[in-house]
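The structure under discussion appears below in the form of structure tokens.
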Amino acid sequence: MNITIVGLGLIGGSLAKATKARTAHTVMGCDLDEEVKLFARLTGAIDCQYDEALLPQSDLILIALRPGAAIGWLKNNAAHIAKSAVVVDMCGTKREVCEAMGAIAKENGFMYVGGHPMAGKECGGFVNASETLYDGASMILTPDSSIDMKTLELLKNYFTDIGFANLTFSTPQEHDEIIAYTSQLAHIVSGAYVKSPTAAKRRGFSAGSFKDMTRVARLDEDMWTELMLQNRDFLCDELTVLIEKLSEYRSALQANDADTLRECLKEGRICKANAGGN
């Protein structure tokens, strides 16, 4: 296949590196940063830099940009995309993105499937991209009823070829509801946790639990602001539940109530056991 990857940061760069390392597909890379495109070409992550004249030859177009930029790119380039092509975005929210991109695809006659790779690092950019980033990860797809089995089979083969362990199918609504809990809430909790004045005194007193709690506080605030505001309804619901649960722990401590505190801790342990895995 001829594959165009739009955005060669951590996500798009890793797609490019994994594709070139593990498949025979041809990759054309698109990025605003000329140095990134040159570096990607020199390191073999892409076969050529983006050329609008070559876009109609693309069989698969992967858009690894922030939601607003992804929608804008597709809108500006839709007329050059072949009607036989499949477009997949990699955005962290799906409702607004799928609605906008789905409409553009329908208007221009090509296929579009919403996507979200469940993998990442604290550090972004092409220099941190890796051909192994997606090993064992889940790739979420949100196809609508217009997408045929042949297209889904093509996507399954491609994503598993580059390392994904499985595909998870969802609706944009379900995706955003669950991702508010599994991803966005975790970033808020981590960011709030490190704001304690005690964090400045922690050296020599911290171990694995501190590292686990603070890892995702190192984030791109511009990207996460966009994602969280797009998903603010579900994220606010999750924050409300969390604040209520935290208040139960604080009340038990303030009352010196060992039984209630023990029960709170026990409930958390049981919930984690029932959740299983990571």
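So the values come out like this:
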read-out	value
Criterion (more than 18 Å from MET101 (Cα to Cα), out of contact with any helix residue (DSSP H, G or I) (no Cβ under 9 Å at 6 or more places or on another chain) and open to solvent by less than 20 Å² (accessible area, probe 1.4 Å)) met by exactly one of ALA137, ALA180	ALA137
Single condition ARG218 does not satisfy, out of (1) in contact with a Leu (Cβ under 9 Å, 6 or more places away or on another chain); (2) open to solvent by 70 Å² or more (accessible area, probe 1.4 Å); (3) in contact (Cβ under 8 Å) with a residue 12 or more places away in the chain	(1)
Near pairs, Cβ below 7 angstrom, 6+ apart or cross-chain, from the stretch 186-215 (aromatic (Phe, Trp, Tyr)) to any residue that is not in a loop (DSSP other than H, G, I, E, B)	TYR193/MET213; TYR193/THR214
Cβ pairs under 6 Å, 6+ apart, first in the stretch 56-74 and in contact (Cβ under 8 Å) with a residue 60 or more places away in the chain and closer than 11 Å to MET28 by Cβ, second open to solvent by 20 Å² or more (accessible area, probe 1.4 Å) and in a loop (DSSP other than H, G, I, E, B)	LEU60/MET1
Criterion (at positive phi and not in a helix (DSSP H, G or I)) met by exactly one of GLY136, GLY114	GLY136
Scope the stretch 1-34; condition part of a loop (DSSP other than H, G, I, E, B), crowded, with 24+ Cβ neighbours inside 10 Å and aliphatic (A, V, I, L, M); matching residues	LEU8
Contacts under 7 angstrom Cβ, first residue in the stretch 126-146 being touching a residue at least 60 places away in the same chain (Cβ under 8 Å), partner open to solvent by 20 Å² or more (accessible area, probe 1.4 Å) and aromatic (Phe, Trp, Tyr), 6 or more apart	PHE126/PHE39
Neighbours by Cβ (under 7 Å, 6+ apart or cross-chain): first from the stretch 153-176, surrounded by fewer than 16 Cβ atoms within 10 Å (Cβ to Cβ); second among the hydroxyl-bearing types (Ser, Thr, Tyr) and part of a loop (DSSP other than H, G, I, E, B)	ASP161/THR23
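The values are calculated or read from the model by the stated rules, or taken from the named source; none is laboratory data. Owing to the predicted nature of the structure, the values given are computational and were not obtained by experimental measurement. Every residue, glycine as well, gets a Cβ built from its backbone with ideal geometry; the counts of neighbours run over all protein chains shown. Surface accessibility is based on the protein's heavy atoms, side chains included, excluding ligands, DNA and RNA. Shrake-Rupley method; radii C 1.70, N 1.55, O 1.52, S 1.80 Å.
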